[in-house]
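The values are calculated or read from the model by the stated rules, or taken from the named source; none is laboratory data. For clarity, every value in this text was computed on a predicted model and none was experimentally measured. With ideal geometry, Cβ positions are generated from the backbone for all residues, glycine too; neighbour counts draw on all protein chains shown.
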Amino acid sequence: MDVDLVPRPRRLDVRSGTVTWRSPLRIAVEAQRYSVAQVFADDLRGAIGWRVEIVAFDAPADLLLRTVDDCGEEGYRLTVDDTATIDASTPAGLSYGLSVLRQLGPASLFGDGAVVETIALPRVFIDDGPSYSWRGVHLDVARHFLDVATVCRLIDQIAVHRLNHLHLHLNDDQGWRIEIPTWPFLTQVGAYRRSTPIGHERDQLDDHVAHGGFYDARDIATIRQHAARRFVHIVPEIDLPGHAQAAIAAYPSLGNLDDPLEVWTRWGISEHVLNVSEEALGFADDVVRHVADLFPGSPVHIGGDECPTTEWSSSTAAAEVMVEHGFTDVAQLQGLFTSRLTEWLLAHGHEVVAWDEVMDAGADARVVIAAWRSSGMAVQAAQSGHDVIMAPMQFLYFDWLNAEGADEPVALAPLPFCTPWEKVYRFSVIPPGLDASLHHRVRGAQAQLWTEYIATRDHLDYMAFPRLAAFSEVVWGTKTSEAEFRPRLTAHLSRLEAMGVRYRAVDQPS
Ligand code: ACM
């Protein structure tokens, strides 16, 4: 029996024969792990309508879930025998064992409402765990708003691939997507734009159709609860002081101009950034504190990318602030935001993540750097004492083309910028040139789904898959060769199909 698991476990021994399961399935588990078993039971019930009985730990069962002390934070051991067992040290490890058990069954276990009498599972022994603790996906809900159901669906897909972070990019020039009750215009004004480009930005065409939406505190709670069941950590990002045009449209006094602005209707990098007054710094502080409170204990991403300094350079108020702080370079002004937000977040139990540009004006070494401009930025960050999340656009920006063909949908970067899944699979989480003594600085990696050119759920699927499947194996730390992975990926597509994922086809090798 073929065993095509994605991502590949660290150790897989396939033994001879199969074990047959039928409904009702009995799962034995200690009381404190009941909720993990319940998620698996719900999945099975939804996919094939089986009855699943969760029974006491010492009762006879088809599947026994045990807590042991030697499997690490996210590891597990899975044995499929007359009784299947999963050993893990944490609920997350148990959940990954169950997720892999599901992959050992038919693809219909990932679907919705198939009629299945029996399941034949291969007899196996698996000993597994990830190499990296940050296995992330980033989703831009600012350029195109995506509803709670779509976000939760992506969380399910992420969990199937044993990825564990979803970074939500909650604001940008083109939209503000999270309600902050003390700053109501952020969503009343900033969550809506009057038009969106048609086709590629460079075509300069507009649809003149209003677009918008935002999450309130209840939506955020729904997303967090859904993610927690699947051991996915939600990381909120508030991107300031650049990418702030929607915020300035809502509160013009936060900007540098006398004239009001609208929520931006073009893609790209707006020149309109927050000013550097106490009011604007206080605004950033206030918003980030509110968001952090909605995500207790979570890392908070404070953005910091692509902040043009044109407006600051021609602002007398900014010049005065530079004198006050003894700055010689206008770019140093950005550091005022970084240090203030970092200080508060760290003091209140939140790790801080930021895009690599924050290093230009200096950042506390405790800030975790998301290296997006290149792998070289990750090397620089690690050498400066930062922990690093690898997110280099050359490999991990899934808004780039999937393939070179003329029939690919419009994507952010034109050819020759193209990232087929094979290139993703070749990606090295440890950046080239990083001294072995600094490898421990690399927390993991993250795939980016920017949505300037992704307006629908189907298109999101198309850009995410199969690249995310390839990425999951890279960041789990068990990749082999493209030739070995390809047939496993092809088999995995039937699971994606069952999940209703509109993935891009896997081309035959030329
Ligand atoms: C980015 O792509 N501006 C982080």
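Observations on the structure shown:
- Look at (1) in a loop (DSSP other than H, G, I, E, B); (2) in contact with a helix residue (DSSP H, G or I) (Cβ under 9 Å, 6 or more places away or on another chain); (3) of a type in the set (A, V, I, L, M) and you find that Leu345 fails only one, number (1).
- Only one of the listed residues (Glu357, Glu320) is within 16 Å of the ligand (Cβ to nearest atom) and either touching a helix residue (DSSP H, G or I) at 6+ places or on another chain (Cβ under 6 Å) or in a helix (DSSP H, G or I) (or both). That residue is Glu357.
- Considering each residue of segment 342-362 in turn, at least one proves to be out of contact with any strand residue (DSSP E or B) (no Cβ under 8 Å at 6 or more places or on another chain), surrounded by 20 or more Cβ atoms within 10 Å (Cβ to Cβ) and charged (D, E, K, R).
- Comparison of Ala370, Ala403 shows that the only residue that is part of a strand (DSSP E or B) and either touching a residue at least 60 places away in the same chain (Cβ under 8 Å) or more than 23 Å from Glu473 (Cα to Cα) (or both) is Ala370.
- Looking across segment 124-164, just one residue is buried (at least 21 other Cβ atoms within 10 Å of the Cβ), farther than 22 Å from Tyr397 by Cβ and out of contact with any Phe, Trp or Tyr (no Cβ under 9 Å at 6 or more places or on another chain), and that is Val124.
- Condition check for Asp87: under 21 Å from Val124 (Cβ atoms), at pLDDT 95 or above and in a loop (DSSP other than H, G, I, E, B): no
- Condition met for Val29 (surrounded by fewer than 14 Cβ atoms within 10 Å (Cβ to Cβ) and at pLDDT 95 or above): no
- Residues being among the aliphatic types (A, V, I, L, M) and within 16 Å of the ligand (Cβ to nearest atom) are entirely absent from segment 417-425.
- Of all residues in segment 436-461, those that are in contact with a helix residue (DSSP H, G or I) (Cβ under 8 Å, 6 or more places away or on another chain) and either more than 16 Å from the ligand (Cβ to nearest atom) or acidic (Asp, Glu) (or both) total 7.
- Selection count, segment 233-273, where residues are modelled with pLDDT of 95 or more, more than 16 Å from the ligand (Cβ to nearest atom) and either within 20 Å of Pro181 (Cα to Cα) or of a type in the set (Asp, Glu) (or both): 10
- Inter-residue pairs, beta-carbon under 9 Å, first at positive phi and in segment 210-230, second surrounded by fewer than 19 Cβ atoms within 10 Å (Cβ to Cβ), 6+ apart: Gly213/Asp147
- Qualifying position, being surrounded by 14 or more Cβ atoms within 10 Å (Cβ to Cβ) and not in a loop (DSSP other than H, G, I, E, B), among Arg224, Arg218, Arg202: Arg224
- Subset of segment 1-34 (residues that are more than 34 Å from the chain's Cα centre (by Cα) and closer than 23 Å to Gly129 by Cβ): Arg15
- Among all residues of segment 267-274, there is none that is among the hydroxyl-bearing types (Ser, Thr, Tyr) and in contact with a Ser or Thr (Cβ under 6 Å, 6 or more places away or on another chain).
- Extreme residue, farthest from the chain's Cα centre (by Cα), among residues of segment 108-118 that are surrounded by fewer than 21 Cβ atoms within 10 Å (Cβ to Cβ) and not polar (S, T, N, Q): Glu117
- Given (1) more than 15 Å from the chain's Cα centre (by Cα); (2) within 16 Å of the ligand (Cβ to nearest atom), index of the condition Leu493 fails: (2)
- Selection within segment 50-72 - exposed (fewer than 13 other Cβ atoms within 10 Å of the Cβ) and not hydrophobic (A, V, I, L, M, F, W, C): Arg51, Asp58, Pro60, Asp69, Asp70
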